[in-house]
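Down below is the structure, laid out as structure tokens.
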Amino acid sequence: MENIPVYKLLIAVGIVLIAAGILWYFTYDILYWLGRLPGDIRLERSGFKFYFPLTTMLLYSLIIHIIIRLISCFMK
């Protein structure tokens, strides 16, 4: 496997983050359910709130994995 220069990797990550930010900004009313999926752990008591987005993190991880695989496929 060929070594990818760091600057290309940083540019690709920056483009992905910008695209994700734009997508989130314009589709927030459609994607409001992200962070409220079944499997996300939420505990609320008087004076105490705990939130652990387990399912949301797994979904984000899957999406990021697919994006990275696509980028690496196109960089060859």
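Using the Kirkwood formula on the Cα atoms of the chain, what hydrodynamic radius do you get, in angstrom to one decimal? Mind showing how you got there, number by number?
Values: mean 1/r = 0.0666 Å⁻¹.
With all distinct Cα pairs of the chain included, I get 15.0 Å.
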For the stretch 12-76, whose charge dipole is built from +1 on Lys and Arg Cβ atoms and -1 on Asp and Glu Cβ atoms, the candidate among Trp24, Cys73, Ser46 with its Cα farthest towards the positive end is Cys73
For Leu34 and Thr55, extending 7 Å from Cα along the Cα-Cβ vector and measuring point to point gives, in nm, a value of 1.6 nm
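Subtracting the Cα-Cα distance from 0.36 nm times the residue separation, let me have the gained length for Phe48 to Leu9 in nm, one decimal.
On the way: separation 39, 0.36 × 39 = 14.04 nm, distance 4.07 nm.
Once the chain is fully extended between Phe48 and Leu9, it gains 10.0 nm.
Please report the relative contact order for the chain, taking Cα pairs under 8 Å with a sequence separation of at least 6, and give it as a percent rounded to a whole number. Each step should come with its number before you reach the end.
Working: 34 pairs, mean separation 14.3, N = 76.
Value for the chain: 19 percent.
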Of every hundred units of 1.4 Å-probe accessible area on the chain, the number belonging to carbon and sulfur atoms, as a percent, is 72 percent
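The values are calculated or read from the model by the stated rules, or taken from the named source; none is laboratory data. Quantities reported herein were computed from a predicted structural model and do not represent experimental measurements. Positions of Cβ are backbone-derived with ideal geometry, glycine not excepted, and every protein chain shown enters the neighbour counts. Heavy atoms of the whole protein, side chains included, go into the accessibility calculation; ligands, DNA and RNA do not. Shrake-Rupley method; radii C 1.70, N 1.55, O 1.52, S 1.80 Å.
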